[in-house]
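Have a look at the structure below, then the notes.
Please treat every number below as a calculation from the coordinates, not as lab data. Quick caveat: nothing in here was measured; it's all calculated off a predicted structure. Heads up, the Cβs are rebuilt from the backbone with ideal geometry, glycines too, and the neighbour counts pull from every protein chain shown.
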Amino acid sequence: MRSTQELQTQRDQYLESLRAPVGSLWERAREASRQLNKEGISLSPQEGRLAHFLVSQMAGPCFVEIGTLTGYSALWILQAMKQAFSPSKIDFCTFEKDPTHAKFAREILSEAKAQWWPEGDAKVEVWEGDARLKLEDWSKSHPGRSLDGILIDGNKSAYLDYLTWAERHLRKGALVLADNVFLRGQVWDTDIEKTFSLKQIEIMQRFNERLADPNIYDSVTLPTAEGLTVARYRLNKL
């Protein structure tokens, strides 16, 4: 009898066989995360395709990503925006704390921009540093600008801070994506070996509860390996 892990691997291989292969930019970003031994914390190919679909259907041209790693998820988001919006409207900013990761992401996204928007009209930026601080700089550089979508995939201790910041900018109907919301099962299993601190677990539980609040969001959490929440912001700005 096959193990659960073997069945999941076969499932993933089957799902990948149903899709056309991604381009060289994605392959290079994926390989870079593999070399850094960080592939497991990046979006999976299926999750990347899901983000692409959701951004093309639900988001707008102003999008923020927190935690880009080597730029793999950012490529999916940008490709969706490329297909949906004129270059002059696109304003994409991704945040990465690790200098090595940020350097590679900047290189891969610069190449994507040169290929997809040779006239240079689209705004694509990688901001290096602690997102909790850098997000305030984004606010200052975008006075009065509404945010059409956000992908949260950064420091788990700061998820609630990221969401609080986002809610100052999200337009009604904006898309919120959040990865790793299960914390390897530690948000519900009190007996499992702890690889996250109790503070991180509590913050993620509060984060999940807020996204599940029907007065604020329409949301669903998908039972991916690490948990992926998809939400639409319901509130109008005062």
Worksheet, complete the sentence: Phi-derived 3J(HN,Hα) across the stretch 87-98 with the Karplus relation (6.51, -1.76, 1.60, θ = phi - 60°), rounded Hz, x for Gly and Pro, is x, 5, 8, 6, 9, 10, 9, 10, 10, 8, 7, 6
Response to the item:
To the nearest 0.05, the calculated FRET efficiency linking Val220 and Thr164 through their beta-carbon distance, R0 being 22 Å, is 0.55
Worksheet entry | Principal axes of the chain: Cα extent on each, largest first, Å | 56, 43, 32
Item to complete: For a quick protection proxy, order the peptides 71-83, 220-232, 176-188 by their average other-Cβ count within 10 Å, most packed first.
Response: 71-83, 176-188, 220-232
Response to the item:
Once normalised by the length of the chain, the mean sequence separation of its alpha carbon contacts under 8 Å that are 6 or more apart gives a contact order in percent of 16 percent
Discussion item. Defining a contact as two alpha carbons under 8 Å apart and six or more residues distant in sequence, what relative contact order in percent does the stretch 162-238 show?
Written reply: 43 percent
Worksheet item: Tally Lys/Arg at +1 and Asp/Glu at -1 over every other residue whose Cβ is under 12 Å from the Cβ of Gly129; what's the total?
Response: -3
Worksheet item: Per residue of the chain, what 222 nm ellipticity follows from adding -39500 (n - 2.57) for every DSSP H run with n ≥ 4, rounded to the nearest 500?
Response: -14000 deg cm²/dmol
Response to the item:
Quick numbers on the stretch 127-189, Rg and Dmax over C-alpha atoms in Å, give 12.9, 42
Worksheet entry | Selection from Gln79, Ala29, Leu135 lying farthest towards where the dipole of the stretch 1-145 points positive, charges on Cβ | Gln79
